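Trainee: Here it is, the structure, as C-alpha cells.
All of the numbers you see were taken from the coordinates with simple rules; none came from a lab. A quick note: this is a predicted structure, and the numbers were derived from the prediction, not measured. Please note: Cβ atoms are built from the backbone with ideal geometry, for glycine as well, and neighbour counts cover all protein chains shown.
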Amino acid sequence: MRADVFDAEKRSAVMRAVKSRDTKPELVVRATVRALGYGRRYRIGGAKLPGKPDLAFGAMRRVIFVHGCFWHGHDCKRGARQPKDNAAYWRAKVERNRARDAASIAALKAAGWRVLVVWECEIKEAALLTRKLTSFLRKTQTRNSRAPDRAGQTPLAPPKVRHRPGG
C-alpha cells in the first residue's frame, strides 16, 4: 500500500467534495424524464423509501436509482476497475453498497413499487436512455397487484393527493 499523497486534513476535504446528490448522471436522467413529460410527477431523493431512490414517482409507484458504476460495482469497464491502494477496503466498500442496494430494491418491490436502476455508463447514449426510461414509465400496473393494509393504503404508499375544487 502506498502512502497517501495528501495529509489527513486535505484528504478529508477531497472526500467531502465527492457529491452524492445532483451528480451529472442524475441531472442527465432528470432532464430526460422532464423531456418525456414526467417533470412534475416525481420527487427527488425519496427519503421515506428504502434506499432513498434518486427519483420517486409516488402516484405511479415507480422509483429510479441512478448508480455510479464504480461505487455500486457495475459490470462495465469503469465498474470493474479495482483501486490499487487500500484494495481490500474498496472491495469491501463496494460489496456493502451492492448488498444494501439489493436489500433496498427487494424492500421496495415487496411494498409494490417498480424499480429501475440507471447506470452511469448508460447515460452516454441518449437514445438508449430515453427508450429505457420511456419503457419503464409507460408500463401500467394492475390495481390488484398489491394487498392493501387496514387503512386501504399499502405499506410505503405515497400520501393521497388532494385536488382543489375547480383547479
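Trainee: Could you work out, for region 1-121, what percent of all Cα-Cα pairs fall into each 5 Å distance bin, beginning at 0 Å and stopping at the bin that holds the largest distance?
Mentor: 2, 10, 17, 20, 19, 14, 9, 6, 3, 1, 0
Trainee: At a 10 Å Cβ-Cβ cut-off, how would you order Asp7, Asp54, fewest neighbours first?
Mentor: Details: Asp7 8, Asp54 23.
Fewest-to-most ranking of Asp7, Asp54: Asp7, Asp54.
Trainee: Using the Karplus curve 6.51 cos²θ - 1.76 cosθ + 1.60 with θ = phi - 60°, what ³J(HN,Hα) values do you get for each residue of region 50-56, in whole Hz, with x for Gly and Pro?
Mentor: x, x, 6, x, 5, 10, 10
Trainee: Moving on to the next point. For region 58-107, run through the trypsin sites (Lys or Arg not before Pro) and keep only the ones in DSSP coil with at most 12 other Cβ atoms within 10 Å of their Cβ.
Mentor: Details: sites: Arg61, Arg62, Lys77, Arg78, Arg81, Lys84, Arg91, Lys93, Arg96, Arg98, Arg100; in loops: Arg61, Arg81, Lys84.
When the trypsin sites (Lys or Arg not before Pro) of region 58-107 are filtered for loop state and at most 12 Cβ neighbours within 10 Å, Arg81, Lys84 remain.
Trainee: Taking amide H atoms as placed 1.01 Å from N in the peptide plane, list the residues 5 or more away in sequence, or in a different chain, whose amide H sits under 5 Å from that of Arg62.
Mentor: The answer is Phe57, Arg114.
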